[in-house]
1. Return the average number of partner chain Cβ atoms within 10 angstrom of each residue Cβ along peptide B:331-337.
2. Kindly state, to the nearest 0.05, the FRET efficiency for residue B:70 paired with residue B:177, given R0 = 35 Å and r defined as their beta-carbon distance.
3. Highest first, please rank the peptides A:275-285, A:374-384, A:314-324 by the mean number of other Cβ atoms sitting within 10 Å of their residues.
4. Kirkwood hydrodynamic radius for chain B: how many Å is it when counted over pairs of different Cα atoms?
5. Based on the Cβ-Cβ distance from residue A:264 to residue B:411, what FRET efficiency comes out when R0 is 22 Å, to the nearest 0.05?
6. Under the rule of -39500 (n - 2.57) per DSSP H run of 4 or more residues, summed and divided by the residues of chain A, what mean residue ellipticity at 222 nm is obtained, to the nearest 500 deg cm²/dmol?
7. To the nearest whole number, what is the average tally of beta carbon atoms from other chains within 10 Å of the beta carbons of peptide A:456-468?
8. Could you work out the local net charge near residue B:534, counting Lys and Arg as +1, Asp and Glu as -1, over the other residues with Cβ closer than 11 Å to its Cβ?
Amino acid sequence: MSNDHGHHKETFISKYVFSMDHKMISKQFLITGIIMGVMGVAMSILFRLQLAWPETSFPILNWLFGDQWAPEGRLDSGFYMGLVTIHGTIMVFYVLTAGLSGTFSNLLIPLQVGARDMASPFMNMLSYWFFFLSSVVLMSSMFISTGPASGGWTVYPPLSALAKAMPGSGLGMTLWLIAIILFIVSALLGGINYITTVLNMRTKGMSMNRMPLTIWAFLLTAILGLLSFPVLLGGGLLLMFDRLAGTSFYLSDIFLGGGVGALEQSGGSPILFQHLFWFLGHPEVYIIIMPALGITSEVISVNARKPIFGYTAMVISLIGIAVLSFLVWGHHMFITGMNPFLGTVFLIMTLIIAVPSAVKTFNYLATLWKGSIRFTNGMMFAIGLVSFFITGGLTGLFLGNAALDISLHDTYFVVAHFHLVMGSSAIFGMMAGIYHWFPRMFGRTMNKTLGYIHFWLTFISAYMVFFPMHFQGLAGVPRRYYTFDILPEFAPWLDVNVFITLAAILGGLAQVIFLYNFFSSIFKGEKSSQNPWGANTLEWTAPVEHLHGNWPGEIPTVYRWPYDYSLPDADSDFIPQNVPHDGEGEEIHVAPVAPVASDAKKEPEESNTMFFTLVKNWFGLGRA
Amino acid sequence: MKNFSSKSMRLHFLKTSAFAFLLVLTSLQGFAALKIQTSATGLPVSEEVVVAGEKLFKAKCQSCHQLDRRTTGPALAGVTERREMDWLISWIRNNNELRQSGDADAIAIYNEYNGTAMNVFADLTDDQIKSILIYTENGPVAPVVVDGGGETPVVDEGLFNKTNKILFFLSLLVFIVVVLIIKTIDIVGKLTGREVIPWNNVNAALMLIFLIVGMIAGLYELSIHSKYVLLSNASSAHGGELDNMMKITFIITGFVFFVTQICLFWFSFKYRAKKGVKALHYPHNDKLEMIWTAIPAVVLTILVLGGLKAWNNINEKPSASTAQIEVFAQQFAWQVRYPGADGALGNSSHNLISEKSNPLGIAIPWKAKEILAELEADLKYYEEAKAGLPEKLGELKSTLGGRVGKDLKNHKKLIDDIESGKEASFYDLQIRRRNTQIKRIKLSLSGEAPLYSAAGNDDIISDEIHLIKDSSITFKLRSRDVIHSALMKEFRAQMNVVPGIPTQFTFTPITTTKQRRLDLNNPEFDYHIICNKICGNSHYNMKIKIVVETKEEYDKWMADQKATFAKEEVKEEVETAEPVEAPIEEPTEHSGEVALN
């Protein structure tokens, strides 16, 4: 039964367009994500021009956006907000959710757990095409006469509910909602698939405690998404009703200027939307960062030639983050006037979630300690991720503290915080993944020299962009401002804004190097060997060629966990998961006395695997 | 002499080069006090008039207009040359009415600015409007420049001057050269079959260099920017506690930041792959992991406890003696309402808001009747407008010929809106809204809902907030339209302003504006509320001044304030209104404690 998948007659359309093969779908997600990312980053540079040089006329803006949105070469204030909104939406949902999770869950789940494909390849295909459709709808809102949605990516009503409140709340907002609804459908179709595949389709020997941390991260991410996205779907639909059908879920006691007058709606609550939004919105940031952390765990372990330190702790902290992430959404709403007691609850939960995050960081450091670090491109981005995760994570302790949030809420401190901890971190996780698994996707390696240049420019410019923003925020400079003429005490920050914008342009240019490297390496990159990084996981045992069903013969059986690097008595510094212990295969001989933690039969004796015995029995999934 | 008019700045550029930017600064350091002698308004020009106009401009117009450039609305310099004076006055006073009357220019402006409607300023007198217009003609009254050399106009090409352009191209060139060199070495390496650049060691060293340079750069930035950071000198009683909390968090996070970042980059450098050195197989150490789970847990507990204490102190229920004022937010302005002599704020309702006559919707019966009449007139207008649509369509179609370009496009859009029924359905919606509003007001007047009280009669509405030093104050926050947020950074205070849900913030100012000016050595300084929740196109320009002063100064200011609706009629009406008098407690509002969302 092994290879009959390969005999389908494949046309161009079935192979490259409406493909049901998870590897092809992952490439589709990646390339769409990259295209969206290019637009998102370009938008950020364009609106940063306005912040740095508010008085300057930029012919390029006029050339791009025309007289309506950039008269005299300066962005219209509404369109500035539109760019900010679409930038946020693109980066959060389209790049870092679909582009990151969609790409690597699709690529790695079947390959690393040893499955021929996803549980439902058809749903997988639908997931991509809903995502694609959603991207098209979102981008189309840039081309309508009232402009794109412009109330910020959090689209708080009443601003977003009332078409007359600002031009961007017209058709642009309707399109935004349609795009997000399509996006959620895509995320749900994907998520169900990922969970099913991980739970049901692992190969022989791949028990839960032998899964690479990437798979754990993807699994928990999918569960988070499945539980939280429907809430935003509901919230978004209600907002749609308020906009189009005259309901009053979020509207009450409103008098709108400009000749509109008092509205009929009464009894609704704008804060309800914030609750629904952040019930997704907060888990969403973990949906973004967890796959990046999973990728980092794998990449760091492979390239430090060391087992990941504290596998069990890593899994437990992932689970801890996943559970707690549902209990902290209120920290986005400390100053909405909600009951102060509720504020105390969210304060406590928010600071507790820092503990598992801290454990993960320390474990990364311990993995590097006494390693034999090879600075591959992927490894460098993984190290960059850890650095950003520390810097951005620590500022979370300010914002999660309700009392401090009173001064810091919606200032540049927040912008700095989340751009480091989930923006830059997740982008670096994605880059680490791209460089690391590029050989697996395309059979070639990316040019490492260009990769190094890309890394250093991006790393330095990201810090140059986001680090000064902490100071701006601490001085009370509000975010989402078109200019800062309002108060004279903001004047000193103009220089800083110039500095940040120049750094952002540098960072943008660095991505051009990446784009060149990526697309040219697909066709002209150096041919990669079967297992270029010397990694243990199963994906490197599958042939490089595009092969429906992944392995030509039997799916390999798993005999060990994925982190047998630099075993003291082994000849090689890595032992792939499909290599048996007792020397059945003649590849590696492991001395029987070696105190190795990976022998399945010895595991129950170790205290830290008790958890897995539990999980195994709970799911009834032990397969060893 | 440098002409203020900004037409010269409408420069047109070739699009051929994306790099050919040019900065035009219209920095308006005037040389003489007045630049114009006569005004299109017909009023005599004097410094006082210009100053009065400037003050009004800053209070009413600046949130959407600048003199020299387009922001949310058009640039206003030279507007008196572009428009008729009568038209300007009626437009400024009530642009909605002008638009409703079918004025083609008014509709064209509305369309040009993507359907953003201008606020109504019904309370401005003709003379006030004219003073604003004189200000737009003259520009700010600049102090006479004392230093010599005032005659040489400063031409600052700014960012895109020659030097910078050259620098930019040079650095680009250097970068390209570096890339090419690296690329060449790479190719040489490939051809000779050995690595020319020991990349692993280079990158490891760069990691270390990044750590050192990054830390130095970070500390350098700290040294230059820390003086702007709001970490001390809070102007409110609770601010000191917050600042301490912030400092403690800084110390803890700063320590962790340094230790972990140093470990990360030092390990990266130290444990780079070396020939013959194998990594240590060290998969876990339960004790170590317990330790570094426990330490963050303990530290976080400390932070949680501190945070809870500060948070609960700030949110303590205000005492009964705490004064209350209402801060009212709308797109894009703040207003404040003082309770007047009776010490109680009158009730209000969004149904009673009229941009013309009752901007805050204070519930006063005679006012409500006035608004009813306004609404009836409005209703009649919409009904007539709807009935007149077929006629209007015919007229529009007959005048279609001969139009070109943008004019034709706008004209076609007008026709299209009528033909598609869009216009009619808009009128239907407005008719329905007005009817609902009329019904609600009538219901409230019938006494079924206890809305009206005498408390509102002496309420004072102001464009400036005055507070007494060392006396606690509760800001009752109310929004007219969308969510705003009142950020008062010096007081370490912020609270969202949510339509339909009353919110509040209580604090005690402890530093007067005067004292703060001395502390900062900045005689221009003022406290402000600025808006900190995106609320529309002019969100970035929404502020109101706060003056903190002594009790005496406050009393003096208060004595000058007049109750907004203190008219003869009030007294008569109050008598008749008395029977309906309701408890002072506002039925529509509940304290922040109860507003559990």
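Rule-based calculations on the coordinates, nothing more; no lab input. Predicted model, so just to flag it, every value in this text is computed and none were measured. All Cβ positions, glycine included, derive from the backbone under ideal geometry; neighbour counts span all protein chains shown.
1. Details: counts 6, 1, 1, 0, 0, 0, 0.
Averaged over the peptide's residues, the number is 1.
2. Numbers: r = 42 Å, r/R0 = 1.21.
It comes out at approximately 0.25.
3. Working: A:275-285: 22.3, A:374-384: 26.5, A:314-324: 20.4.
With the highest mean Cβ count within 10 Å placed first, the list reads A:374-384, A:275-285, A:314-324.
4. Details: mean 1/r = 0.0329 Å⁻¹.
Every distinct Cα pair counted, the radius reaches 30.4 Å.
5. Values: r = 33 Å, r/R0 = 1.48.
The calculated FRET efficiency here is 0.10.
6. On the way: 18 runs with 349 residues, N = 624.
Dividing the helical sum by the residues of chain A leaves -19000 deg cm²/dmol.
7. Numbers: counts 4, 1, 0, 4, 4, 0, 0, 4, 2, 0, 0, 4, 3.
Neighbouring Cβ atoms belonging to other protein chains average 2 per residue here.
8. Working: positive: A:479, A:480, B:533; negative: A:410.
Neighbour charge sum, excluding residue B:534 itself: +2.
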